[in-house]
Amino acid sequence: MPLVYDIQATVVLFGAVLLYVLEGWALVDAATRRPEEFVAADKQTKTMWLVILGVAFVAHVLIWHPISLLNMIGAVASIVYLVDVRPAVQSVRRPR
């Protein structure tokens with residue numbers, strides 16, 4: 001029976017690390033964009049996304065378990081940013 005718990009602990013650890021990386025990537029990506037790009041893409045402001053993603057990241061650092069309410073909300077916010085906001089912001093970026 002301990003083998004089942006070991007497998008479960010490994011899956012939870014893998015999920016926690018995966019969400020940690022996902023939220024960190026979204027936060028760093030949002031921090032490196034210019035505020036005008038968010039407005040031009042008709043998305044929420046850069047400050048709002050930084051607050052949302054920052055709270056999600058800090059909550060994940062403090063509450064390591066991936067199946068907590070704050071971590072699930074943070075994961076959804078990070079996925080929304082990476083799937084919807086990031087491509088829209090990239091499409092309005094002017095070449096340098």
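Just so it is clear, none of the values below were taken in a lab; they were calculated from the coordinates. All of these numbers come straight from a predicted model, not from anything done at the bench. Reconstructed Cβ throughout: ideal geometry from the backbone, glycine too, with neighbour counts over all protein chains shown.
Below, the figures for the structure above:
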quantity	calculated
Whole-Hz ³J(HN,Hα) from phi, Karplus 6.51 cos²θ - 1.76 cosθ + 1.60, for segment 66-72, glycine and proline x	x, 9, 9, 4, 4, 5, 5
Unit charges at the beta carbon, dipole of the chain: most positive-side option, V12, G54, I73	G54
Computed [θ] at 222 nm, helices only, for the chain once each DSSP H run of length n ≥ 4 contributes -39500 (n - 2.57)	-24500 deg cm²/dmol
Quotient of C-alpha Rg and 2.2 N^0.38 Å, computed over the chain	1.27
Only Lys, Arg (+1) and Asp, Glu (-1) charged, at Cβ; the chain dipole about Cα centre in debye	460
